[in-house]
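Right, one structure below, let's go through it.
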Amino acid sequence: MSHKYVYLFSEGDESMRELLGGKGANLAQMVKLGMPVPQGFTVSTEACTRYYEDGKVIASDIEDEIYSSLAKIEELNGKKFGSITNPLLVSVRSGARASMPGMMDTILNLGLNDEVAAGLIAGNSDPKFARFVYDSYRRFIQMFSDVVMEISKKTFEVIIDEMKDKKGVKNDIELDVNDMKELVALFKAYYKEQKGEEFPTDPKIQMMESVKAVFRSWDNPRANVYRRMNDIPYSWGTAVNVQPMVFGNLNENSGTGVAFTRDPATGEKALFGEYLINAQGEDVVAGVRTPNPISHLKDDMPEVYDQFVAIANKLESHYRDMQDMEFTIENGTLYMLQTRSGKRTAAAALKVAVDLVDEGVLTEEEAVLRVDPKQLDALLHPQFDAKAIKAATPIGSGLAASPGAACGKVVFTAEEAKDWATKGEKIILVRLETSPEDIEGMAAAQGILTVRGGMTSHAAVVARGMGTCCVSGCGEIAMHADKGYFELAGKKYNEGDYISLDGSTGKIYDGAVPTVEATISGDFDRFMTWADSRRTLKVRTNADTPKDTAQAVKFGAEGIGLCRTEHMFFEGVRIKAIREMIVSKTVEEREKALAKILPLQQGDFEEMFTVLEGRPMTVRFLDPPLHEFVPQKEEDIIELAGEMKLPVEELKTIIEGLHEFNPMMGHRGCRLAVTYPEIAAMQTTAVINAAINVNKAHPEYKIVPEIMIPLVGEIKELKYVKDIVTSTADKLIADAGVDLHYKVGTMIEIPRAALTADEIAKEAEFFSFGTNDLTQMTFGFSRDDAGNFLDAYYDAKIYESDPFAKLDQIGVGKLVKMACELGRSTRPDIKLGICGEHGGDPSTVEFCHNIGLNYVSCSPFRVPIARLAAAQAAIKDGRK
């Protein structure tokens, strides 16, 4: 028997997600549960993979299967695809394994042409029915042209707006049958103008071109960006779902909607959603008309409402999770078109998880696995200052689509949002309505404001998923994006003007409203207690100041895995002293300059040890090349020359002498301590004295300092610097007459160190993997420059993700794993951790758990993310 690529809904179920995609598997499951689903079929993800393998063509055997399945659907529905007297119209929708809302493409009303439209109308003399047919036809032309033939849909919207202006009406629904018929003609004329050929009328061609278009959409730019952001592999492919059309735009007894079994913003257990009477599905999510809340359906169609509530409850009970459902009502009959686990805010995710445990639906472990660690980020960022927001007067309001506080400068396009954000600007993206093409701009924005759209519009769903503040549907705004401004409350807001958004209330404010730190408790604390009780991996933080340390401890950090001492050198007095050291010509001059830094650095360490209350701290000694500390501007050079009593030209010569062709691989890290041992001696003195002093004040802390020598590639250089550290430390401890233990270890960030880790472990008591530099040196490209060409690598599918954001487990990961095994072979009790930016990436945390690291270390705001990711890794590991 030949390989099967197409499955009727009745042939599948929820276990076939990899093959049928999320939407197809869930449609099949709803059929199995006896729900009112228009019976269709799914073209599998394997067909998508083969489409790309075969050079972007659909093989004849797959085509035959599609037509064979279509024949079965015709039989089930008693209609014929392409028939003039009794036509079957279908929708063609994408459906990947992972939910990708708004990322893929959909075509509705497929199978229409002039003859089919006329045939439909011939069987029904009601003028309203004729209007419905031509409304469906113009929608099909618009979608097919946009999705399949890549003609921008904006011009079609302009044609509609011109028609409404001519007729003096506001909404599409007010256009009559003749207007719709004229729109069909205008759309076809525009199509011919753009493509140089007539709009395709053969339903079979329409079908195959649409299936191809869905397959192509898996590789479109916005899908690729979304996949990179959400770690969805390119190899998965998408399925295609073909389903008989049911028409929410048939008459006033028809409609369409989207609903959630719980509030996706708060997690409250109550049906939440919207619907439109006499509309098709895209009208709700596109935000072209402002919909009604789902509760109003109880008044409009009570029987349908009761049936829908019963189905919603059954679906949540079956899937044991909050569901996001799409439905259509055709002439008073309810049809279910989709169900999936609903996208939700971080606060809602925690509430739903905790509530489902309290309701006896989930175990604590299952609840811990339900929350995406990355989502926690949204809970941990500032909210508006209560006094400031109380004093502020809103200039307008929309729907509170995604909670949080945001203030920034107004921009009107996704491109501007990206450009401004790369320059370090905080921006608010203001759009008439967002579309999937805006994904990168939305990701770059602090907040999103739209004129149109409801709580389930594209902007709302995507913003909630990203944890980005969003206010949607502010119809009071007069938009003039083409002229660079919008008007609200009688004021003109130009590009670059500040506004503030409250995504929790939907209110919009003039100017920048001050923010305060987020406060976390309640569901968060309870949920994280469950997570912490399951994980074995410790979570530390990367912190360089007492303030950052305190923040990280508040977020659950169990110590500091990376204190970058050079970050302490860039302030007023300190930078002058470090510059003085750099230009010194003798050891004595350098020691004199370092003596000015010593008490300041020691003071920092004392504060940090105190805040940590006995938790461990790994102090990395000076790492960056010295040229980073010297002035580059003429006026700064002249000032320093005066302070140093040096001729300006001599200082310039010194500065030029520090310049390196490749500073990343130059005179930095342990190489500085080899050249200038007095630097290591000063830093050791600061660390050890700080520990002695804090231990005296708080003997219960029992501080054991961890001193980390960076950029080691050879055991002899580690021993050389370690000898300086131990001789200095041992003398200080002896002179103080105290019993203080300390550890000396190294960062593994050079491939040679990983390859010779068994040797290096003879001297190192711990390894901390500096995966930023290890990634740079393993790949052979600079993190600062890679952004200039990585996009081309993503487009060519050479890389699927940024190796600096998500650890390359195949190459860099192999070095890390090898170094762990070699290090333990020499020193079985060696402590192993990771302290690069990867330490807060959930997939990297899971990798670190699996290879047996003791801890990960990440920035303070990512500590809860790493705690949850570590718990999920331990739970999954226990199930293997």
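The values are calculated or read from the model by the stated rules, or taken from the named source; none is laboratory data. This one's a predicted model, so the numbers in the text were calculated from it and none came from an experiment. A quick note on method: Cβ atoms are made from the backbone with ideal geometry, for glycine too, and the neighbour counts reach across all protein chains shown. SASA here: full protein model, heavy atoms, side chains in, ligands and nucleic acids out. Shrake-Rupley method; radii C 1.70, N 1.55, O 1.52, S 1.80 Å.
Quick grid of which residues meet (1) modelled with pLDDT under 90; (2) touching a helix residue (DSSP H, G or I) at 6+ places or on another chain (Cβ under 7 Å); (3) under 29 Å from Ala686 (Cα atoms); (4) charged (D, E, K, R):
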| site | (1), (2), (3), (4) |
| --- | --- |
| Asp735 | no, no, yes, yes |
| Gly745 | no, no, yes, no |
| Ile750 | no, yes, yes, no |
| Lys762 | no, yes, yes, yes |
| Asn772 | yes, yes, yes, no |
| Asn788 | yes, no, no, no |
| Tyr793 | yes, no, no, no |
| Gly813 | no, yes, no, no |
Is one or more of the residues making up the stretch 421-439 acidic (Asp, Glu), in contact with an Asp or Glu (Cβ under 9 Å, 6 or more places away or on another chain) and under 27 Å from Trp218 (Cα atoms)?
-> no
Restricted to the stretch 26-56 and to residues being of a type in the set (A, V, I, L, M) and free of Cβ contacts under 8 Å to residues at least 60 places away in the same chain, the residue surrounded by the most Cβ atoms within 10 Å (Cβ to Cβ) is Ala28
Residues that are touching a Leu at 6+ places or on another chain (Cβ under 9 Å), among the β-branched types (Val, Ile, Thr) and part of a loop (DSSP other than H, G, I, E, B), drawn from the stretch 140-187 | Val169
If we keep just the residues of the stretch 597-645 that are free of Cβ contacts under 8 Å to residues at least 24 places away in the same chain and among the aliphatic types (A, V, I, L, M), which is surrounded by the fewest Cβ atoms within 10 Å (Cβ to Cβ)?
-> Ile638
The number of residues in the stretch 727-755 that are among the hydroxyl-bearing types (Ser, Thr, Tyr) and either in contact (Cβ under 8 Å) with a residue 60 or more places away in the chain or open to solvent by less than 10 Å² (accessible area, probe 1.4 Å) (or both) is 1
Considering only the stretch 742-842, give the helices (runs of 4 or more DSSP H) lying wholly within it that have at least 3 residues that are polar (S, T, N, Q) and at negative phi.
-> 771-779
Check off (1) open to solvent by 10 Å² or more (accessible area, probe 1.4 Å); (2) assigned to a helix (DSSP H, G or I); (3) within 30 Å of Ile692 (Cα to Cα); (4) touching a Pro at 6+ places or on another chain (Cβ under 9 Å) for Val721 and give me the number that stays unchecked.
-> (1)
Per the filter on the stretch 384-405, residues modelled with pLDDT under 80 and either within 15 Å of the chain's Cα centre (by Cα) or closer than 19 Å to Gly267 by Cα (or both) are Pro403
Residue within the stretch 670-688 that is open to solvent by 30 Å² or more (accessible area, probe 1.4 Å), assigned to a helix (DSSP H, G or I) and free of Cβ contacts under 8 Å to residues at least 12 places away in the same chain present = yes
How many of the residues making up the stretch 11-43 are within 34 Å of the chain's Cα centre (by Cα), over 25 Å from Gly342 (Cβ atoms) and not β-branched (Val, Ile, Thr)?
-> 1
Restricting the search to the stretch 235-264, which residues are in a loop (DSSP other than H, G, I, E, B), in contact with a strand residue (DSSP E or B) (Cβ under 7 Å, 6 or more places away or on another chain), open to solvent by 10 Å² or more (accessible area, probe 1.4 Å) and not hydroxyl-bearing (Ser, Thr, Tyr)?
-> Met245, Val246, Phe247, Leu250, Glu252, Asp263
Taking the stretch 558-590 and keeping residues in contact with a Phe, Trp or Tyr (Cβ under 7 Å, 6 or more places away or on another chain), open to solvent by less than 40 Å² (accessible area, probe 1.4 Å) and in a helix (DSSP H, G or I) leaves Thr565, Phe569, Ile575, Ile578, Ile582, Arg590
Output the number of residues of the stretch 848-865 satisfying the condition of being open to solvent by less than 10 Å² (accessible area, probe 1.4 Å), within 19 Å of Met747 (Cβ to Cβ) and within 23 Å of the chain's Cα centre (by Cα).
-> 4
Are any of the residues in the stretch 343-353 within 22 Å of Pro403 (Cα to Cα), out of contact with any Cys (no Cβ under 7 Å at 6 or more places or on another chain) and open to solvent by 60 Å² or more (accessible area, probe 1.4 Å)?
-> yes
